[in-house]
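The values are calculated or read from the model by the stated rules, or taken from the named source; none is laboratory data. This is a predicted model, so every value here is computed, not measured. Cβ placement follows ideal geometry from the backbone for every residue including glycine, while neighbour counts extend to all protein chains displayed.
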Amino acid sequence: MARKDIINSVIGDGSSFKGTFIVKGSFQIDGKFEGDLKIDGHLIIGTNGRVKTSTILTESITIAGTLIGNVDAKKEVIVIETGRVLGNIEAPKIDVGEGAIIQGEMTITGGQKKNITKVVEESFTVNKPSENSDIDNAK
């Protein structure tokens, strides 16, 4: 995996690209991108970056610009204060800065591989011994 501070590929400010981009390593978008993105590393959407896609598949992403589309990240999503997102986000860890704007669903998986709804429902129905003893002692 590429380190976050080393950028392998860039779409510069004032540039635009339409199509499919598959990157091994890190990728920064400071211009305009429309299409499909699959990043095996860290994706940065810079402050002037504008991205329109169906779903971004990536290890991790930092959003400082505008994203219209969904994010499916294996590790983390960071939306800083200048970030704007219209779409759903799913990742083990999501960090949202004060002032960021997001419209969509956020699913924080905590690294779980199982169905998240099932994990939460199972944790609610599990009867822990300490719960019963507290109730019995209160009688």
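Residues in the stretch 34-56 that are under 18 Å from VAL77 (Cβ atoms) and among the small types (Gly, Ala, Ser) were compared, and the one that is surrounded by the most Cβ atoms within 10 Å (Cβ to Cβ) is GLY49. Among the residues of the stretch 94-117, the one identified as farther than 21 Å from GLY46 by Cβ and either crowded, with 16+ Cβ neighbours inside 10 Å or within 8 Å of the chain's Cα centre (by Cα) (or both) is THR109. Looking across the stretch 4-33, the residues that are of a type in the set (D, E, K, R), modelled with pLDDT of 95 or more and exposed (fewer than 15 other Cβ atoms within 10 Å of the Cβ) come down to ASP13, LYS18. In the stretch 71-89, the residue that is farthest from the chain's Cα centre (by Cα) out of those that are surrounded by 18 or more Cβ atoms within 10 Å (Cβ to Cβ) and assigned to a strand (DSSP E or B) is VAL85. Give the residue, chosen from VAL96, VAL51, that is under 20 Å from PHE33 (Cα atoms), modelled with pLDDT of 95 or more and of a type in the set (A, V, I, L, M). VAL51 is the lone residue from the list that is under 20 Å from PHE33 (Cα atoms), modelled with pLDDT of 95 or more and of a type in the set (A, V, I, L, M). Close contacts from the stretch 10-28, counting a first residue that is of a type in the set (A, V, I, L, M) and a second that is assigned to a loop (DSSP other than H, G, I, E, B), with Cβ to Cβ under 6 Å and a gap of 6+ residues or different chains, come to ILE11/GLY31. Of the residues making up the stretch 24-70, those that are within 22 Å of LYS93 (Cα to Cα), part of a strand (DSSP E or B) and touching a Ser or Thr at 6+ places or on another chain (Cβ under 6 Å) are PHE27, LEU37, ILE39, GLY41, HIS42, LEU43, ILE44, GLY69, ASN70.
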